[in-house]
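We did not get these values from a lab; they are worked out from the coordinates using the rules stated. Here the structure is a predicted model, which is why all the values come from computation and not from measurement. Note that we place each Cβ from the backbone using ideal geometry, even for glycine, and neighbour counts take in every protein chain shown.
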Amino acid sequence: MFAGSKTLCYIFNQMVKYPPTSLNRTFAALADPTRRRILAHLARGDKCVTHLARPHAMSLPAVSKHLRVLEKAGLLRRRRYGRVHEMQLDAKPLKQAAKWVEEYRKFWEGSLDRLAVYLEKTNKAVAEKGNK
């Protein structure tokens, strides 16, 4: 068992809180630059589908496919007013993904800090041997 095993177990235990399907869908949705731009537009406020489609050089059905991916990932909600579909950002899955990434950041920073301490001790021991 190595020194950081408790930290490693803690990290993996924390991952249980986030259903893998939810995280997979979130990261898959964020992988596409068009979908990230759509989310950026929605971060400024609710928008109708035609308004979201305007800045993209693609058909309305193509934009609708991107919106469905974002909906399945839980990143946006759709409201209908007659024939108008208004989209609203739902940041909860983004927060969960950010927490997941943060846990790994803490783990790796801790691992790198322990490596730095080990290397300092090793270098000091080698230097002391060289002075004898």
Subject >> Subset of 47/95; 47/72; 72/106 violating a 23 Å alpha-carbon distance limit >> reply: 72/106
**OP:** Enumerate the amide H contacts of residue 48 below 5 Å, restricted to partners 5 or more residues apart or on another chain; note that Pro and chain-start residues carry no placed amide H.
**Re:** 87
Original post:
If you take the beta carbon distance between residue 117 and residue 24 as r and set R0 to 30 Å, what does 1/(1 + (r/R0)^6) give as a FRET efficiency, to the nearest 0.05?
Top reply: 0.25
Subject >> Ellipsoid semi-axes in whole angstrom, largest first, where each is sqrt(5λ) of the Cα gyration tensor of region 33-126 >> reply: 46, 13, 9
Original post:
So what are the ³J(HN,Hα) numbers for region 81-98, from phi and the Karplus equation (6.51, -1.76, 1.60; θ = phi - 60°), rounded to whole Hz, Gly and Pro as x?
Top reply: 10, x, 8, 8, 10, 9, 10, 9, 5, 10, 7, 3, x, 5, 5, 5, 5, 5
